[in-house]
Amino acid sequence: MATSCNIPGLEVPRSRFPDPEQDLNSDSPAAHIVLAGGCFWCVEAVFLAMDGVTHVESGYAGGSADTANYEAVCGGQTGHAEVVDVHYDPSKVSFGQLLKVFFSVAHDPTQLNRQGHDRGTQYRSAVFYETPEQKRVVEAYIRQLDAAGVYPEPIVTRLEPLEAFYPAEAYHQNFAAQNPYQPYVMAVAAPKVEKLVKSYGDYLKPDYRNDDTA
(Lines give C-alpha, C1' and ligand atoms only; values in the text may rest on other atoms or scores of the structure.)
Protein backbone atom coordinates (compact mmCIF):
# COMPACT_ATOMS: atom_id res chain seq x y z
CA MET A 1 0.00 0.00 0.00
CA ALA A 2 1.24 3.47 -0.80
CA THR A 3 1.56 6.14 1.90
CA SER A 4 -0.51 8.82 0.18
CA CYS A 5 -3.92 8.93 -1.37
CA ASN A 6 -5.73 11.78 -3.08
CA ILE A 7 -9.40 11.65 -2.14
CA PRO A 8 -11.30 14.46 -3.90
CA GLY A 9 -14.37 13.69 -1.81
CA LEU A 10 -12.56 14.91 1.28
CA GLU A 11 -12.56 18.38 -0.26
CA VAL A 12 -16.22 18.34 -1.28
CA PRO A 13 -18.45 19.69 1.52
CA ARG A 14 -21.27 17.61 2.93
CA SER A 15 -23.77 20.10 1.53
CA ARG A 16 -22.91 18.94 -1.99
CA PHE A 17 -23.95 15.37 -1.23
CA PRO A 18 -27.71 14.89 -1.33
CA ASP A 19 -29.51 12.48 0.93
CA PRO A 20 -30.57 9.37 -0.99
CA GLU A 21 -34.00 9.74 -2.51
CA GLN A 22 -34.51 6.01 -2.09
CA ASP A 23 -33.69 3.94 0.98
CA LEU A 24 -34.42 0.59 2.56
CA ASN A 25 -37.22 0.23 5.08
CA SER A 26 -36.04 0.40 8.68
CA ASP A 27 -37.44 -3.07 9.26
CA SER A 28 -35.38 -4.57 6.45
CA PRO A 29 -33.83 -7.89 7.52
CA ALA A 30 -30.63 -7.17 5.55
CA ALA A 31 -28.92 -5.17 8.28
CA HIS A 32 -25.44 -5.37 6.81
CA ILE A 33 -23.69 -4.42 3.61
CA VAL A 34 -20.32 -5.36 2.12
CA LEU A 35 -18.41 -2.40 0.68
CA ALA A 36 -15.14 -2.07 -1.22
CA GLY A 37 -13.34 1.25 -1.34
CA GLY A 38 -9.62 0.65 -1.48
CA CYS A 39 -7.63 -0.26 1.60
CA PHE A 40 -9.95 -1.92 4.09
CA TRP A 41 -8.09 -0.36 7.04
CA CYS A 42 -9.39 3.06 6.03
CA VAL A 43 -12.96 2.13 5.15
CA GLU A 44 -13.26 0.15 8.38
CA ALA A 45 -12.07 3.11 10.46
CA VAL A 46 -14.74 5.38 9.00
CA PHE A 47 -17.67 3.06 9.60
CA LEU A 48 -16.57 2.06 13.09
CA ALA A 49 -17.14 5.70 14.09
CA MET A 50 -20.76 5.79 12.92
CA ASP A 51 -23.57 5.61 15.44
CA GLY A 52 -25.80 2.62 14.75
CA VAL A 53 -22.98 0.57 13.26
CA THR A 54 -22.71 -2.48 15.49
CA HIS A 55 -19.80 -4.35 13.92
CA VAL A 56 -17.33 -3.93 11.07
CA GLU A 57 -15.12 -6.71 9.77
CA SER A 58 -12.43 -6.42 7.14
CA GLY A 59 -12.20 -9.18 4.57
CA TYR A 60 -12.29 -10.23 0.95
CA ALA A 61 -15.07 -10.71 -1.61
CA GLY A 62 -15.30 -11.40 -5.30
CA GLY A 63 -13.00 -14.40 -5.58
CA SER A 64 -12.73 -17.95 -4.30
CA ALA A 65 -11.99 -19.32 -0.85
CA ASP A 66 -8.57 -20.68 -1.76
CA THR A 67 -7.22 -17.20 -2.60
CA ALA A 68 -8.91 -15.30 0.24
CA ASN A 69 -5.71 -14.29 1.99
CA TYR A 70 -3.79 -11.03 2.09
CA GLU A 71 -0.70 -12.20 0.24
CA ALA A 72 -2.71 -13.60 -2.68
CA VAL A 73 -5.16 -10.70 -2.87
CA CYS A 74 -2.35 -8.14 -2.97
CA GLY A 75 -1.20 -9.73 -6.23
CA GLY A 76 -4.32 -8.40 -7.92
CA GLN A 77 -5.15 -11.60 -9.79
CA THR A 78 -7.64 -13.30 -7.47
CA GLY A 79 -10.84 -11.40 -8.32
CA HIS A 80 -11.13 -10.39 -4.69
CA ALA A 81 -11.53 -6.85 -3.47
CA GLU A 82 -10.54 -5.65 -0.03
CA VAL A 83 -13.93 -5.14 1.63
CA VAL A 84 -15.61 -4.35 4.91
CA ASP A 85 -18.74 -6.07 6.15
CA VAL A 86 -20.73 -3.35 7.91
CA HIS A 87 -23.43 -4.51 10.33
CA TYR A 88 -25.85 -1.87 11.54
CA ASP A 89 -29.03 -1.22 13.50
CA PRO A 90 -31.61 0.08 10.98
CA SER A 91 -33.48 1.86 13.78
CA LYS A 92 -30.43 4.10 14.36
CA VAL A 93 -28.80 4.48 10.94
CA SER A 94 -30.26 3.83 7.52
CA PHE A 95 -28.81 2.01 4.57
CA GLY A 96 -28.94 5.29 2.67
CA GLN A 97 -26.93 7.11 5.33
CA LEU A 98 -24.25 4.43 5.12
CA LEU A 99 -24.14 4.93 1.37
CA LYS A 100 -23.82 8.68 1.75
CA VAL A 101 -20.76 8.26 3.95
CA PHE A 102 -19.33 5.58 1.67
CA PHE A 103 -19.51 7.86 -1.37
CA SER A 104 -18.54 11.11 0.37
CA VAL A 105 -15.95 10.14 2.99
CA ALA A 106 -14.77 6.53 2.84
CA HIS A 107 -13.28 6.61 -0.67
CA ASP A 108 -13.23 8.25 -4.10
CA PRO A 109 -15.83 6.45 -6.24
CA THR A 110 -14.53 7.94 -9.50
CA GLN A 111 -11.18 6.12 -9.47
CA LEU A 112 -11.22 2.92 -11.51
CA ASN A 113 -9.47 -0.07 -9.92
CA ARG A 114 -7.43 2.10 -7.60
CA GLN A 115 -7.45 4.54 -4.71
CA GLY A 116 -4.72 7.10 -5.02
CA HIS A 117 -1.45 5.23 -5.49
CA ASP A 118 -2.97 1.88 -4.49
CA ARG A 119 -3.60 0.25 -7.85
CA GLY A 120 -5.25 -3.00 -8.88
CA THR A 121 -8.70 -4.54 -8.98
CA GLN A 122 -8.34 -5.46 -5.32
CA TYR A 123 -8.76 -1.72 -4.62
CA ARG A 124 -11.85 -1.27 -6.80
CA SER A 125 -14.91 0.65 -5.74
CA ALA A 126 -17.79 -1.79 -5.34
CA VAL A 127 -20.93 -2.58 -3.42
CA PHE A 128 -21.53 -6.29 -2.93
CA TYR A 129 -25.30 -6.55 -2.62
CA GLU A 130 -27.33 -9.43 -1.22
CA THR A 131 -30.85 -8.38 -2.17
CA PRO A 132 -32.54 -6.73 -5.16
CA GLU A 133 -33.60 -3.93 -2.82
CA GLN A 134 -30.01 -3.15 -1.89
CA LYS A 135 -29.02 -3.09 -5.54
CA ARG A 136 -31.94 -0.81 -6.43
CA VAL A 137 -31.10 1.74 -3.75
CA VAL A 138 -27.39 1.83 -4.64
CA GLU A 139 -28.08 2.22 -8.36
CA ALA A 140 -30.53 5.03 -7.64
CA TYR A 141 -28.06 6.88 -5.44
CA ILE A 142 -25.26 6.63 -8.00
CA ARG A 143 -27.60 8.11 -10.62
CA GLN A 144 -28.56 10.84 -8.16
CA LEU A 145 -24.93 11.75 -7.41
CA ASP A 146 -23.96 11.78 -11.08
CA ALA A 147 -26.98 13.93 -11.95
CA ALA A 148 -26.09 16.37 -9.18
CA GLY A 149 -22.54 16.68 -10.54
CA VAL A 150 -21.01 16.11 -7.12
CA TYR A 151 -17.79 14.85 -8.70
CA PRO A 152 -16.21 16.18 -11.91
CA GLU A 153 -15.89 12.60 -13.17
CA PRO A 154 -18.56 9.88 -13.34
CA ILE A 155 -18.85 7.36 -10.54
CA VAL A 156 -17.37 3.98 -11.49
CA THR A 157 -18.53 1.97 -8.47
CA ARG A 158 -19.42 -1.59 -9.45
CA LEU A 159 -22.43 -3.49 -8.16
CA GLU A 160 -21.56 -7.13 -7.63
CA PRO A 161 -23.69 -9.89 -6.10
CA LEU A 162 -22.22 -11.12 -2.84
CA GLU A 163 -21.31 -14.77 -3.31
CA ALA A 164 -19.26 -15.05 -0.12
CA PHE A 165 -17.45 -12.89 2.41
CA TYR A 166 -14.11 -14.13 3.72
CA PRO A 167 -12.80 -12.49 6.92
CA ALA A 168 -9.29 -11.08 6.70
CA GLU A 169 -6.48 -12.12 8.97
CA ALA A 170 -6.85 -11.10 12.63
CA TYR A 171 -4.15 -8.44 12.49
CA HIS A 172 -6.16 -6.48 9.90
CA GLN A 173 -9.19 -6.09 12.16
CA ASN A 174 -9.60 -2.63 13.71
CA PHE A 175 -6.18 -1.89 12.27
CA ALA A 176 -6.31 1.90 12.32
CA ALA A 177 -7.31 2.09 15.97
CA GLN A 178 -4.67 -0.47 16.93
CA ASN A 179 -1.95 1.27 14.89
CA PRO A 180 -2.71 5.02 14.94
CA TYR A 181 0.88 6.04 14.16
CA GLN A 182 1.40 3.68 11.25
CA PRO A 183 2.32 5.96 8.30
CA TYR A 184 -0.45 4.78 5.98
CA VAL A 185 -3.06 5.13 8.72
CA MET A 186 -1.87 8.67 9.50
CA ALA A 187 -1.78 9.70 5.83
CA VAL A 188 -4.96 8.08 4.53
CA ALA A 189 -7.29 6.72 7.23
CA ALA A 190 -6.99 9.59 9.71
CA PRO A 191 -8.06 12.36 7.29
CA LYS A 192 -11.17 10.39 6.40
CA VAL A 193 -12.17 9.95 10.02
CA GLU A 194 -11.42 13.62 10.60
CA LYS A 195 -13.80 14.61 7.81
CA LEU A 196 -16.49 12.35 9.25
CA VAL A 197 -16.06 13.94 12.68
CA LYS A 198 -16.04 17.47 11.26
CA SER A 199 -18.85 17.14 8.71
CA TYR A 200 -21.07 14.35 10.00
CA GLY A 201 -21.24 14.99 13.72
CA ASP A 202 -24.86 13.86 13.83
CA TYR A 203 -23.79 10.45 12.47
CA LEU A 204 -21.14 9.75 15.13
CA LYS A 205 -20.95 7.39 18.06
CA PRO A 206 -20.77 9.36 21.35
CA ASP A 207 -17.09 8.51 21.86
CA TYR A 208 -16.21 10.29 18.62
CA ARG A 209 -18.16 13.47 19.28
CA ASN A 210 -16.70 16.72 20.53
CA ASP A 211 -18.15 20.09 21.48
CA ASP A 212 -18.39 21.13 17.85
CA THR A 213 -20.23 18.00 16.65
CA ALA A 214 -22.45 17.12 19.60
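Largest first and in whole Å, the equivalent-ellipsoid semi-axes of the chain read 23, 20, 18, each the square root of five times a Cα gyration tensor eigenvalue. Using 0.36 nm per residue and subtracting the Cα-Cα separation, the extra length available between ALA147 and ASN179 on full extension is 7.6 nm. Accessible surface for the chain, divided over its residues, is 45 Å² per residue with a 1.4 Å probe.
List the chymotrypsin sites (Phe, Trp or Tyr not before Pro) within the stretch 35-127 that DSSP assigns to loop and that have no more than 12 neighbouring Cβ atoms inside 10 Å. When the chymotrypsin sites (Phe, Trp or Tyr not before Pro) of the stretch 35-127 are filtered for loop state and at most 12 Cβ neighbours within 10 Å, nothing remains. Here the stretch 37-156 is treated as a Stokes sphere of Kirkwood radius computed over C-alpha pairs; at 25 °C and 0.890 mPa s its diffusion coefficient rounds to 164 µm²/s.
Put a dot 7 Å past the Cα of ARG16, heading toward its Cβ, do the same for VAL156, and the two dots end up 1.9 nm apart. Using a cutoff of 8 angstrom between alpha carbon atoms and counting only pairs six or more residues apart, the relative contact order for the chain works out to 32 percent. When the helices of the chain are scored as -39500 (n - 2.57) per DSSP H run of n ≥ 4 and the total is divided over every residue, the value at 222 nm lands at -6500 deg cm²/dmol.
This model, with +1 at the C-beta of Lys and Arg and -1 at the C-beta of Asp and Glu, gives the chain a dipole about its Cα centre of some 480 debye. The three principal axes of the Cα atoms in the stretch 95-187 give end-to-end lengths of 39, 31, 25 Å, sorted in falling order.
The values are calculated or read from the model by the stated rules, or taken from the named source; none is laboratory data. Just so it is clear, the structure is predicted and the values come from calculations on it, not from any experiment. As a convention, Cβ positions derive from the backbone with ideal geometry for all residues, glycine included, and neighbour counts pool all protein chains shown. Ligands, DNA and RNA are excluded from the accessible area calculation, which covers all protein heavy atoms including side chains. Shrake-Rupley method; radii C 1.70, N 1.55, O 1.52, S 1.80 Å.
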